[in-house]
Amino acid sequence: MKPPTPLDATHSTLGKQADYRDAYAPELLFPIARQGKRSEIGLRADALPFIGEDLWNAYELSWLDLRGKPVVALARFRVPASSPNLIESKSLKLYLNAFNQERLPGLDAVRATIENDLSNAAGETVTVEILPLSARPERCFVDPEGFCLDALDIDIDAYRLCPDVLRAGGARVTETLYSHLLKSNCPVTGQPDWGMLAVRYTGPAIDRAGLLRYVVSFRQHSEFHEHCVERIFCDILERCGPTDLAVWARYTRRGGLDINPFRSTPPKEGSEGNGGWNGFDNEIRQ
């Protein structure tokens, strides 16, 4: 699959007045190359240290059936982390809204259309699931099984990216640590992005106070969700030395969409874990 030529995010509709279309318009999708930001943290396209996906949930999807009656549904998109492009979120919102007055024969046609368009934009196959409201799909979320860092009794005064606070040592453990205090900013509009960050790893015990300080240090950092998670993954991998690592950010929705990147070390023969060990990948799919 040949991906489209991606553009810089400043050329997107982010932060600009945009007309909402109500007829099918795949040209609205705006791909952004992943490699630019990956190069900043020393990643090569042919040697990524992780596997994973970006899990999108869409809460505002509607179209017309062939008799003109509206259908309302939820949708879930899985964009492979190995795809050359991510899809800018406002362009995806505008694209989905363009289905509002489009007559389509059924769920399969909607799914196939969206899957084809998103795959073309990302440059790799995107998996699409359509969940009609008539089926009463659940959209609940609970904290992962693990230790929440947020109640730690510590002082924090660094609100710009500070990976040097990460450290690990002592006994080898397998554990999940999480925090609801992740905040970063859109690199184009400056709007805040809020999320829950979960880290599951096997290796020397990560200093919990240092990890919380690191999470909070994103507070004035500007980067897309996907880039933030990859930066967090690489910083923890480099400074804490786990043998297995998975990082997941569950962001709050904006404009009817939420984006939840997941990055994990690949499966290794003889390892205690793998790319989604202990069911962590299944937890994020709920």
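A Cβ distance below 7 Å, combined with a sequence gap of six or more or placement on separate chains, defines the contacts here; from the range 177-196, residues that are under 21 Å from K90 (Cα atoms) reach residues that are among the acidic types (D, E) and open to solvent by less than 20 Å² (accessible area, probe 1.4 Å) in the pairs K183/D193; S184/D193; S184/E223; N185/D193; C186/D193; P187/E223. Assessment of the range 45-64 against the conditions (among the small types (G, A, S), under 23 Å from P261 (Cα atoms) and open to solvent by less than 20 Å² (accessible area, probe 1.4 Å)) yields at least one matching residue. Within the range 209-235, residues that are farther than 9 Å from S184 by Cα reach partners that are open to solvent by less than 20 Å² (accessible area, probe 1.4 Å) and part of a helix (DSSP H, G or I) with beta carbons closer than 7 Å, at six or more positions or on different chains, in the pairs L211/L149; L212/L149; E230/R38. Screening W194 against (1) open to solvent by 40 Å² or more (accessible area, probe 1.4 Å); (2) under 16 Å from N260 (Cβ atoms); (3) modelled with pLDDT of 95 or more leaves a single unmet condition, (3). Pairing residues of the range 12-36 that are under 25 Å from A112 (Cβ atoms) and open to solvent by less than 90 Å² (accessible area, probe 1.4 Å) with residues that are at pLDDT 65 or above and of a type in the set (S, T, Y), at Cβ distances under 6 Å and at least 6 apart in sequence or on separate chains, gives L28/S91; L28/Y95; L29/S91; L29/Y95; F30/S91. The residues of the range 177-191 that are within 20 Å of F50 (Cα to Cα) and open to solvent by less than 10 Å² (accessible area, probe 1.4 Å) amount to a single one, L177.
Candidates are the residues of the range 101-142 that are of a type in the set (S, T, Y) and touching a Phe, Trp or Tyr at 6+ places or on another chain (Cβ under 8 Å); the one that is farthest from K69 (Cα to Cα) is T127. Do we find a residue being at positive phi, at pLDDT below 95 and over 18 Å from the mean Cα position of the chain (by Cα) anywhere in the range 165-182? Checked the range 165-182: at least one residue is at positive phi, at pLDDT below 95 and over 18 Å from the mean Cα position of the chain (by Cα). Of all residues in the range 240-264, count the ones that are polar (S, T, N, Q) and either closer than 19 Å to S217 by Cα or open to solvent by 10 Å² or more (accessible area, probe 1.4 Å) (or both). The number of residues fulfilling the criteria is 2.
Here are some residues: R67, R78. Which one is charged (D, E, K, R), at pLDDT below 95 and either part of a strand (DSSP E or B) or open to solvent by 40 Å² or more (accessible area, probe 1.4 Å) (or both)? From the options R67, R78, the qualifying one is R67.
Count of the range 44-91 residues, restricted to those that are in contact (Cβ under 8 Å) with a residue 40 or more places away in the chain, basic (K, R) and under 20 Å from L131 (Cα atoms), is 2.
Note on the range 217-239: residues that are open to solvent by less than 10 Å² (accessible area, probe 1.4 Å) and touching a strand residue (DSSP E or B) at 6+ places or on another chain (Cβ under 8 Å) amount to 9.
The values are calculated or read from the model by the stated rules, or taken from the named source; none is laboratory data. Quick caveat: nothing in here was measured; it's all calculated off a predicted structure. Cβ sites come from the backbone with ideal geometry, for glycine too, and all protein chains shown count toward neighbours. Keep in mind that these areas ignore ligands, DNA and RNA; they rest on the heavy atoms of the full protein, side chains included. Shrake-Rupley method; radii C 1.70, N 1.55, O 1.52, S 1.80 Å.
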